[in-house]
Amino acid sequence: MKKIHYPEDRTAFEYSYWQIFKESGLQTEWTRLRRKLIAWSDSPDKSTIYPDQIQDVICGKYEILVDIYLDYKKIKKNKIGDAEWVTLETDLFSLFSYNASKEDHSHAFQPEIAEFFMGHAVELELHVCHYCELAYVNAYGFSGVFKDFGRFLKNATEGDIRHYIRRADGNPYSDRIIGDVVELQKKYSEKQITEAFNNIGPWGGKEPKKSETIAAKLRNHFDLDHFLPKSQCPIVGLSLYNLVPSCAVCNEKLKGADEIGGDDRAKWLTLSPTSDSYSFDKEVSIAIEPTPTDFKTKETPEKYRLAFSPKANKYEPIIREFLLEERYNYHKCEALRLHDLLVDYPKTRIKMIKDVFKGSKTEKEIENDIFGVEYNQAYHRCFSKMYSDIFQAHYKQDC
Ligand SMILES: [Zn+2]
């Protein structure tokens with residue numbers, strides 16, 4: 001619904017994202033796995049589809065990711081049930097590891113990726129969910145990720161323990177100390193493990209507690225949806241231009257691993273808010289139907305509904321996937337309220353108010369004070385497209 005606003009200087013932005021991964025030594029494994037993918041792909045462009053450098057997969061433009069995704073799915077179809085394929089896919093999952101899993105001891109990058117988006121929140125204009133504009137995506141703390149330190153520690157992989165539990169100067173602890181922490185997972189429950197952890201090793205009994213300093217580092221998080229589902233193609237699991245800041249309802253409850261673009265390249269390119277071709281705002285508008293003739297629509301809300309129009313538009317799959325009509329209609333009163341205000345304060349009345357202000361406010365400023373449409377856009381508030389569409393439709397009618 002809302003296109004992601006990337007910084008002007010994409011090169012610097014991508015370079016800064018790459019810093020998360022550059023020391024992780026992913027290239028060697030990618031070179032090995034890429035060779036297999038190329039051997040199994042039928043595409044004449046296979047050596048360009050799978051870039052030689054892993055950096056070009058992680059920071060590559062969204063179009064590159066779509067090509068990888070579609071070719072990968074084709075190979076997968078042909079190789080179904082093949083043991084070699086199962087091994088390759090497992091290796092790819094641990095190479096492009098976004099979430100930590102118990103079985104996999106590799107390091108998961110999700111916390112650093114979330115931190116990166118937080119660090120660029122102003123440039124990226126991260127405020128509302130990019131799929132629905134119905135919820136804010138502000139950082140909601142460590143508890144949003146792991147509930148608490150105990151849950152993190154009980155479920156962390158050895159790789160994560162090694163990565164997050166470090167000396168104050170950032171250097172790693174010895175294998176023996178890491179081993180002691182891993183041992184705690186077997187002995188203690190989620191409730192007891194934090195206390196036991198704070199009493200071991202070189203940090204035992206010190207203030208502030210070790211668990212608190214680590215939790216403070218992990219505090220920022222919000223949902224990042226993989227537009228091309230990583231469960232279908234692990235290669236796009238860490239890619240910058242596959243990540244959409246979204247609310248938990250859109251990400252977890254509604255979209256999950258759904259493949260909105262199917263096998264259609266053009267569809268994938270049109271529908272992702274990370275794509276240069278994304279134009280939801282231009283193609284679709286939110287309107288009150290039927291066009292109100294009442295002055296006080298708020299008094300008879302049952303006569304109206306909010307519709308995404310025109311009915312047939314290329315963003316239908318998005319409107320359906322994220323239940324936008326249903327969810328917006330739940331908040332219909334917001335739209336009706338604005339409509340009624342627009343009726344109560346036509347241009348002629350705004351002009352009269354302007355006279356009262358004796359030149360200290362322009363008509364535009366008064367409009368903004370009353371209707372708040374510009375404010376909602378400038379401050380990236382929820383419903384800002386809906387307000388703006390209703391406002392514009394009203395003035396079109398007025399003229
Ligand atoms: Zn949402």
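The values are calculated or read from the model by the stated rules, or taken from the named source; none is laboratory data. It should be emphasised that the depicted structure is a prediction, and the values quoted were computed from it without experimental measurement. As a convention, Cβ positions derive from the backbone with ideal geometry for all residues, glycine included, and neighbour counts pool all protein chains shown.
Touching a Ser or Thr at 6+ places or on another chain (Cβ under 7 Å) and surrounded by 14 or more Cβ atoms within 10 Å (Cβ to Cβ): is that true of LYS314 in this structure? Spelling it out, LYS314 is indeed touching a Ser or Thr at 6+ places or on another chain (Cβ under 7 Å) and surrounded by 14 or more Cβ atoms within 10 Å (Cβ to Cβ). Of all residues in segment 259-283, those satisfying the criterion of being within 11 Å of LEU228 (Cβ to Cβ) and either within 16 Å of the ligand (Cβ to nearest atom) or among the aromatic types (Phe, Trp, Tyr) (or both) are ILE260, TRP268, LEU271, SER272, THR274. Would you please name the residue that is nearest to ASP225 (Cα to Cα), looking only at residues in segment 97-127 that are modelled with pLDDT of 85 or more and part of a loop (DSSP other than H, G, I, E, B)? Per the criteria, the residue is TYR98. Scanning segment 334-350 for residues that are within 14 Å of ASN368 (Cβ to Cβ) and within 35 Å of the chain's Cα centre (by Cα) turns up LEU338, LEU341, LEU342.
Each row is one residue, and each column tells you yes or no for (1) under 20 Å from LYS230 (Cα atoms); (2) assigned to a helix (DSSP H, G or I).
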site: PRO7; (1), (2): no, no
site: THR11; (1), (2): no, yes
site: ILE20; (1), (2): yes, no
site: GLU23; (1), (2): no, yes
site: LYS36; (1), (2): yes, yes
site: LYS77; (1), (2): yes, yes
site: LEU88; (1), (2): yes, yes
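Taking (1) touching a Cys at 6+ places or on another chain (Cβ under 9 Å); (2) surrounded by fewer than 16 Cβ atoms within 10 Å (Cβ to Cβ); (3) hydroxyl-bearing (Ser, Thr, Tyr); (4) under 15 Å from CYS233 (Cβ atoms) in turn, TYR69 satisfies each apart from (2). With the structure loaded, tell me whether ASN242 is touching a helix residue (DSSP H, G or I) at 6+ places or on another chain (Cβ under 9 Å), of a type in the set (S, T, N, Q) and in the same structural domain as TYR50 (by TED's automatic domain parsing) or whether it fails that test. It is true that ASN242 is touching a helix residue (DSSP H, G or I) at 6+ places or on another chain (Cβ under 9 Å), of a type in the set (S, T, N, Q) and in the same structural domain as TYR50 (by TED's automatic domain parsing). Of all residues in segment 128-156, those that are of a type outside the set (A, V, I, L, M), within 16 Å of the ligand (Cβ to nearest atom) and modelled with pLDDT under 90 total 4. LEU323 fulfils the conditions (1) crowded, with 18+ Cβ neighbours inside 10 Å; (2) at positive phi except for a single criterion, (1). The set of residues in segment 181-206 that are surrounded by fewer than 17 Cβ atoms within 10 Å (Cβ to Cβ), within 34 Å of the chain's Cα centre (by Cα) and under 14 Å from ILE165 (Cα atoms) contains only VAL182.
Each residue in segment 248-289 was checked for being part of a loop (DSSP other than H, G, I, E, B), of a type outside the set (Val, Ile, Thr), at pLDDT 95 or above and touching a strand residue (DSSP E or B) at 6+ places or on another chain (Cβ under 9 Å), and 2 of them qualify. Take the conditions on the phi < 0 side of the Ramachandran plot and away from the ligand (no atom under 16 Å from the Cβ) and apply them to GLY237. Does it pass? So GLY237 passes the test.
How many of the residues making up segment 241-258 are touching a Pro at 6+ places or on another chain (Cβ under 6 Å) and within 16 Å of the ligand (Cβ to nearest atom)? Going through segment 241-258 one residue at a time, the tally reaches 1. Checked across segment 378-399, the condition of being surrounded by fewer than 15 Cβ atoms within 10 Å (Cβ to Cβ) and in contact with a helix residue (DSSP H, G or I) (Cβ under 6 Å, 6 or more places away or on another chain) holds for no residue.
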